[in-house]
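The values are calculated or read from the model by the stated rules, or taken from the named source; none is laboratory data. Not measured: the values here are computed from a predicted model. All Cβ positions, even for glycine, are placed from backbone atoms using ideal geometry, and neighbour counts span all protein chains on display. Please note that ligands, DNA and RNA were not included when accessible areas were found on the heavy atoms of the full protein model with its side chains. Shrake-Rupley method; radii C 1.70, N 1.55, O 1.52, S 1.80 Å.
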Amino acid sequence: MATEQELSDFLKSVEKRAFKRSLYHVRDEEAALDIVQDSMMKLAEHYGDKPPAELPMLFQRILSNCTLDWFRRQKTRRALFSNLSDFEGVDDDAGDFDLLASFNGDLDTRETESAEDVTRRTQIFHQIESEIASLPTRQREAFLLRYWEEMDVSETAAAMGCSEGSVKTHCSRAIQALSRALKAKGFLPP
């Protein structure tokens, strides 16, 4: 059984990755924070007494379910109500999120890196972020779980609620789409 300290340490260790994963899905910073917070609360409330080894899988599954619940609520809300933001102009910047602007870490930790290298790396990061965000939902989820969260195929399948073959297919398609897009933009060799 996980102690209160073990649970707290686990939640601290996953909070940033969980936020970024949620942000890639919902593309709304406040909603992503709410989803992560709800997921953490549910884990602590319902599964805090589980062994520490089970916490990562349980949390990923809860996070996926909370994200799906958010999308369901949004679909219902859109069907019933009109938001004022629906009437804003195309040039309005409301709702835009710049991940690099909110990034707390230092992008340039190497003293010898030139401004050109920093700029190129920043451009590549923007392109990768944009391409990941444009992936279909299941491909994006499989890709982030496998390569961001570093889960193996069986863990990813359990977290997504699908077969291992589906995870492999989603990941393969995501990698192919990202590779094509980044090659077309000149960031990868042809």
**Q.** Qualifying position, being more than 17 Å from Phe71 (Cβ to Cβ) and among the polar types (S, T, N, Q), among Ser134, Ser163
**A.** Ser163
Q: Could you grab me the full set of residues in the range 26-47 that are touching a helix residue (DSSP H, G or I) at 6+ places or on another chain (Cβ under 8 Å), open to solvent by 20 Å² or more (accessible area, probe 1.4 Å) and either of a type in the set (A, V, I, L, M) or farther than 22 Å from Arg73 by Cα (or both)?
A: Leu33, Met40, Ala44, Tyr47
Q.
Just checking, does the range 171-178 include any residue being of a type outside the set (A, V, I, L, M) and in contact with a Ser or Thr (Cβ under 9 Å, 6 or more places away or on another chain)?
A. yes
Q) Any idea which residue in the range 3-25 is nearest to Arg146 (Cα to Cα), counting only those that are open to solvent by 30 Å² or more (accessible area, probe 1.4 Å) and of a type in the set (Gly, Ala, Ser)? A) Ser13
Q | Residue in the range 11-52 that is farthest from the chain's Cα centre (by Cα), counting only those that are at pLDDT 90 or above and small (Gly, Ala, Ser) | A | Ala44
(Q) Taking the criterion of being part of a loop (DSSP other than H, G, I, E, B) and at pLDDT 55 or above, would at least one residue in the range 103-110 satisfy it? (A) no
Q.
Please go through the range 121-133 and give me each residue that is free of Cβ contacts under 8 Å to residues at least 24 places away in the same chain and under 15 Å from the mean Cα position of the chain (by Cα), ordered by number.
A. Ser130
Q: Tell me, yes or no, whether the range 32-45 has at least one residue that is part of a loop (DSSP other than H, G, I, E, B) and basic (Lys, Arg).
A: no
Q: Select from the range 144-185 the residues that are outside any helix (DSSP H, G or I), open to solvent by less than 50 Å² (accessible area, probe 1.4 Å) and farther than 17 Å from Ala133 by Cα and list them in ascending order.
A: Met151, Cys162
